[in-house]
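Since the structure comes first, as structure tokens, the remarks are kept for the end.
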Amino acid sequence: MLPLLAGLGLGLSLIVAIGAQNVFVLRQGIRREHVIAVVAICAVSDAVLIVAGVAGLGFVLSAAPWLVYLARWAGALFLLGYGLLAARRAWRGQEGAMRVEESDPNEFSSSKQVTRGGTTTRTALAPVALTVLALTWLNPHVYLDTVLMLGSIAATHGDDRWLFAAGAVVASAVWFTALGFGARYLGRWLRTPRSWRILDAAIAVIMIAIAVSLVLPVLGG
């Protein structure tokens with residue numbers, strides 16, 4: 001059980017940190033929009049990366065660092081664009097702000113609970129899925145943490161490395177499920193256009209800051 005618990009603990013410590021992926025899952029959870037799909041994509045993506053790292057993909061990335069370099073720039077550009085869109089939503093105020101309607105917080109559903117100007121709106125699944133895939137697979141930290149770090153540490157457990165991997169996979173699934181479906185309880189504080197402007201402004205700052213942090217080591221070195 002020790003390798004399993006070690007993987008669970010390390011997996012949570014790496015995933016819980018605030019990042020672009022977590023911010024997006026949180027926002028979708030608050031909006032109650034495609035939550036099941038978003039959580040599933042995040043959990044499955046992490047599982048694939050963890051398994052790949054334990055299977056030895058980390059050695060490939062070490063031998064071809066340009067892959068991480070490419071992901072760094074692609075991820076920075078994507079996060080910058082997403083951050084600017086969030087800033088635009090925050091700037092538009094009541095015209096573009098979203099608010100969460102009253103609903104049963106115990107209802108296990110990812111159906112929409114969001115209105116704009118009194119008209120029910122809902123983002124299509126395809127752009128939401130593509131966004132969460134981009135936030136996951138274009139993030140170089142995902143490869144450094146999930147593939148390289150977890151893969152390297154798993155190797156120290158010898159034949160029990162797959163138990164370690166299982167613990168990390170469970171940690172990822174539990175975290176994203178809790179974040180996505182637990183976020184709906186924040187809806188009671190986000191019923192006004194102003195509160196959504198503040199949330200979108202915070203998202204814009206976080207996304208742009210992460211984008212800058214991705215390229216600063218390259219520009220500075």
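Things worth noting here:
- Some residue of the range 146-169 being surrounded by 14 or more Cβ atoms within 10 Å (Cβ to Cβ), touching a Gly at 6+ places or on another chain (Cβ under 9 Å) and outside any helix (DSSP H, G or I): yes
- The residues in the range 119-137 that are at pLDDT 85 or above and in a loop (DSSP other than H, G, I, E, B) can be counted, and the count is 1.
- Selection from the range 154-169 of residues that are among the aromatic types (F, W, Y) and within 13 Å of G56 (Cβ to Cβ): W162
- The residues on offer are L190, L179, L186, and the sole one that is in contact with a helix residue (DSSP H, G or I) (Cβ under 9 Å, 6 or more places away or on another chain), closer than 24 Å to A40 by Cα and at pLDDT below 80 is L186.
- You will find that of G58, G53, G11, the residue that is modelled with pLDDT of 80 or more and surrounded by 19 or more Cβ atoms within 10 Å (Cβ to Cβ) is G53 and no other.
- The residue that is farthest from S195 (Cα to Cα), counting only those in the range 14-41 that are at pLDDT below 85 and assigned to a helix (DSSP H, G or I), is L14.
- Flag for W66 being more than 19 Å from W162 (Cα to Cα), at pLDDT 85 or above and not basic (K, R): no
The values are calculated or read from the model by the stated rules, or taken from the named source; none is laboratory data. Everything numeric in this text was worked out from a predicted model, so none of it was measured. Ideal geometry is used to build each Cβ from the backbone, glycine not excepted, and the neighbour counts take in all protein chains shown.
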